[in-house]
Amino acid sequence: MNRVRTQSSISTMCPRMPSVAWALAVLLVITVIATQSAPAQTFNLLQTLKYMNGAESYDNSFVQDGTGNLYSTTPYGALGQCFFGCGIVFKLSPTGKQTVLYRFTGKKDGGMPHGPMALDAAGNLYGTTIAGGASGTACGGYGCGTLFKVDKNGKETVLYSFKGGKDGEGPFGGVIRDSAGNLYGTAQNGGAFKSKCGGGCGTVFKLDTSDKLTVLHTFQAGTDGEFPIAGLISDGKGNLFGTTSGSGLLGDGTVFRLTVSGKFTVLHAFSGGQDGQYPSYGTLLLDASGNLYGTTTQGGGSTHCDGGCGVVYKVDKTGKEIVLHRFAGGADGATPYSALVQDPAGNLYSTTYAGGTGCGSFGCGTVFKLDTAGKKTVLYRFTGGKDGATPYAELFRDTKGNLYGTTYGAGAAGLGTIFKLTP
């Protein structure tokens, strides 16, 4: 595997993301090892994705309104000119009923939504697509992506179409919204340094309420990093935190802070060894003390995976990194692509794309809990059957402790599932 992800490996185009079989092929045969068993969890299959109601949820996490409805996207399925459908925005009721709010066409309205959406008090949803938009056939022939709004009735409005130049292209990480209504996010490619990174190293941007886009930082593939695939998180004071999937001191990714005044600081540069390698697609988690939590897809030192099976890490306010867990492969899980969520007691929850049981020697993925003492518990291991396989996206935890998530593969139609885990 290349030490730095390139545009060819993380496509901004309409053709599908790497298949499950391709992605699993980067792992070596995993030996099943002993791991902590969980108390009984009730797995509820809420929906089987069958193309017209979405397909292969990737990094598309949930947001919740005041009445308990959940909202998310899938990058594939439904209609449009994209290779495998251009994706949807959908609502999931508290009883598990799915309603498709909007189907993307891959044209000016955008195509292939990725990353978390933001929700305002009026019920409007805000998000990003990595393809489509007014740029037409630019950015490899599929458009450079959009920022969009979908209202509660399913009407879509394009707020901004990326041009693939200094403004960036392929916004993969979704958006966050401040109290004034401004949107913030990252574009994985493009920027002022188009000659680098095979088409630009990415940007951090702001879209104000008049739909004016401002580039807050342009990555240069140096110590600052390159390819900001994950989205951003804010501390409430306007400071932004994020990750890059490549470059830094040794080319293995970074954790960064961008202040209100525009000062950019690398808090941690990954070495590719015990500290982890290649931060995941998931947005960082920020606690009340200012500590950041995240996952890496590789590194950690395990010999059961090609390049290591990944880690869960913490970066404190001074930039010191602490590895909370190194995945060992097998029953323990491997390759966490998603963000972490935290309960009021400080316990962390997430998924691994591989490991667990089923799906041959690689495993179909897991849901896990990591407590404040560093004890890891596997809550569920996917079988690769109707329950799904290979979860990528961030979990959503409600006030009762229920966990909601999606899988990229398997299910009755082979296109993934929507599930709920009840403690």
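The values are calculated or read from the model by the stated rules, or taken from the named source; none is laboratory data. As the structure is a computational prediction, the values presented were derived from the model and not from experiment. As a convention, Cβ positions derive from the backbone with ideal geometry for all residues, glycine included, and neighbour counts pool all protein chains shown.
When the stretch 243-269 is filtered for residues that are in contact with a Leu (Cβ under 6 Å, 6 or more places away or on another chain) and either of a type in the set (G, A, S) or over 16 Å from V315 (Cβ atoms) (or both), only A269 remains.
Can you find even one residue in the stretch 334-344 that is polar (S, T, N, Q), within 15 Å of Y281 (Cβ to Cβ) and either modelled with pLDDT of 95 or more or in contact with a strand residue (DSSP E or B) (Cβ under 6 Å, 6 or more places away or on another chain) (or both)?
Going through the stretch 334-344, the residues polar (S, T, N, Q) turn out to be 335, 338, 342.
Then keep just the ones that are within 15 Å of Y281 (Cβ to Cβ); that gives 335, 338.
Checking the rest, the ones that are also either modelled with pLDDT of 95 or more or in contact with a strand residue (DSSP E or B) (Cβ under 6 Å, 6 or more places away or on another chain) (or both) come to 335, 338.
Yes - at least one qualifying residue is present in the stretch 334-344.
Output the residue which, of all residues in the stretch 360-375 that are more than 20 Å from G96 (Cα to Cα) and buried (at least 21 other Cβ atoms within 10 Å of the Cβ), is modelled with the lowest pLDDT. If you could, list the steps in order and put the result at the bottom.
Just the residues of the stretch 360-375 that are more than 20 Å from G96 (Cα to Cα), to begin with: 360-366, 368-375.
The next check asks that each one be buried (at least 21 other Cβ atoms within 10 Å of the Cβ); those that pass are 362-366, 368.
On the way: F362: 89, G363: 95, C364: 97, G365: 98, T366: 97, F368: 98.
That would be F362.
When the residues of the stretch 290-325 are filtered to those that are in a strand (DSSP E or B) and in contact with a Ser or Thr (Cβ under 8 Å, 6 or more places away or on another chain), which remaining residue is nearest to G236 (Cα to Cα)?
Going through the qualifying residues, I end up with G294.
Among the strands (runs of 3 or more DSSP E) confined wholly to the stretch 182-223, which include 2 or more residues that are surrounded by fewer than 24 Cβ atoms within 10 Å (Cβ to Cβ) and among the β-branched types (V, I, T)?
Values: elements: 183-187, 203-207, 213-218.
The strands (runs of 3 or more DSSP E) meeting that bar are 213-218.
Here is the figure for the stretch 251-289: residues that are assigned to a loop (DSSP other than H, G, I, E, B), buried (at least 20 other Cβ atoms within 10 Å of the Cβ) and at negative phi total 7. Kindly check whether there is at least one residue in the stretch 339-348 that is of a type in the set (S, T, N, Q), buried (at least 22 other Cβ atoms within 10 Å of the Cβ) and under 24 Å from S57 (Cα atoms). No, the conditions are met nowhere in the stretch 339-348.
Strands (runs of 3 or more DSSP E) fully within the stretch 43-104 that include at least 2 residues being touching a residue at least 12 places away in the same chain (Cβ under 8 Å) and β-branched (V, I, T): 70-74, 88-92.
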